[in-house]
Amino acid sequence: MRNSFAVVLLILIFSSVQAQKNKLNLLVGTYTQSCDSKGIYVYEFDSRIGDFSFKNATEKVINPSYLSVSKDNNFVYSVNEFGAESAVSSFRYNSTSGKLALINKQSSKGADPCYIINDEKNVIVATYSGGTISVFGKNNDGSLAEAKQVIQHYGKGSNAQRQEGPHVHMVHFTPDQKFVLSNDLGNDKVYSYAYNPNAEQTVLELKDSVSVQSGSGPRHLTFSKNGKFVYLLQELNGALTVFSYFNGILTKIDETTILAKDFKGTFSSADIHISPDGKFLYASNRGEANDITIFKILKSGKLLLKGQTSTLGKGPRNFAIDPTGNFLLVAHQYTNDIVIFKRNKTTGALMDIGKKIALCSPVCLVFTKN
């Protein structure tokens, strides 16, 4: 009997450990002025069955529309997208309780920051209306120092309404951290900056830039799992460009579209991500499309279209695939919810499981350790 009890106890302990392994934190950035939002929300997410539960939220944080978590999981950095008064904030993050405590804020040095990344030394921000890249040093306590470099982009594009000036929409570390790539929706360029993390002033130094089709509006990009290819999504024409990548240089090798052949309505390409196994690429589209296009990634780096799936909401500005690859979550800015889809890892297909998180204007999803 004693041996049987010990076996049962071991099974229970093992099951409990395994269940805890499936638990992740989901951080959600929101817009706070169109409806009732506290700012940043933290949910526990079960990557085995797609369940979620509320853990915590900030109070009175203005428009934290993009988030970045430190590598040690102790700090969260957020943009505060608020016109000329825009800022960047740092928070102490307790992943167990989900509590976020504001440490400090700095001016974003450009209006309407829309993307943020960080490493051990720096926090780097793209500002949309300002057309700038701002670099902030990190202090030992996780707080932000004043901006030590601000890069101003110039130029405009052929779309008079959307490209009247530069609009930096993204900054992205290369896999080896030696470069930072930056998309400018306003002037149809992708810039490659050499990254000098320990520099006091010239942290980013321009190495190269590549132009894409006039009026296309480059928005977001992502790297293939092996780091050899870059996939660039253009907001204004729905193009998806494939580049080979080596040592800070992008070389175009192919181009496709996220638009269905028979689609005639308005659209606005949004977000792009690759599944954790590196086999499938997903891209979201807003406007009247409100769908996700699915591609299989071929060995050549080129893409094979697998079709479109409705996101079951309006304004799929951002989405995230959980680290296990089991689920894909879509944040809808206008229908105020996060829809949870089950992923078929073999085909890449998405299946609605009838679960969604109701939340005011969610626009950024980030998974972290529990």
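Mind checking the full-extension length gain between Thr346 and Leu206? Use 0.36 nm per residue of separation minus the Cα-Cα distance, one decimal, nm.
My answer for the length gained is 46.4 nm.
State, as an integer percentage, the relative contact order of region 235-370 based on alpha-carbon contacts under 8 Å between residues 6 or more apart.
16 percent.
Measure off, as a whole percent, the carbon and sulfur share of the 1.4 Å-probe accessible area of the chain, all protein chains present.
Its accessible area is 52 percent carbon and sulfur atoms.
Could you provide, to the nearest whole Å², the per residue accessible area of region 48-187 with probe 1.4 Å?
On a per-residue basis, 42 Å².
Given 5 Å bins starting at zero, what is the percent of C-alpha pairs of region 131-236 in each, up to the one with the largest pair distance?
Histogram of Cα-Cα distances, whole percents per bin: 2, 13, 21, 21, 18, 13, 8, 3, 1, 0.
Using the Kirkwood radius over C-alpha pairs as Rh, can you work out the diffusion coefficient of the chain via Stokes-Einstein at 20 °C, viscosity 1.002 mPa s, in µm² per second?
Result for D is 102 µm²/s.
Limiting things to C-alpha atoms, what are the Rg and the maximum Cα-Cα separation (Dmax) for region 164-308, in angstroms?
Considering region 164-308 through its Cα atoms, Rg and Dmax are 15.1, 52 Å.
Per 0.36 nm of contour for each residue apart, how much would the distance between Ser53 and Lys261 grow if the chain were fully extended, relative to their Cα-Cα spacing?
So the extension gain works out to 70.9 nm.
Write down the accessible area per residue of region 208-288 in Å², having rolled a 1.4 Å probe over the full set of protein chains.
40 Å²
So if each residue of separation counts as 0.36 nm, and I subtract the Cα-Cα distance between Asn22 and Lys369, what length gain in nm does that give?
123.9 nm
Tell me whether region 102-168 comes out rounded, prolate or oblate; compute the Cα gyration tensor, take square roots of the eigenvalues as a ≥ b ≥ c, and use a/c under 1.5 as the rounded threshold.
prolate
Grab the DSSP H runs of the chain that are 4 residues or longer, score each as -39,500 (n - 2.57), total them, divide by all residues and round the 222 nm result to the nearest 500 deg cm²/dmol.
When only DSSP H runs of four or more count, the value is -2000 deg cm²/dmol.
The values are calculated or read from the model by the stated rules, or taken from the named source; none is laboratory data. Values in this document were obtained by computation on a predicted structure and should not be read as measured data. We work out accessible area using only protein heavy atoms, side chains counted, and drop any ligands, DNA or RNA first. Shrake-Rupley method; radii C 1.70, N 1.55, O 1.52, S 1.80 Å.
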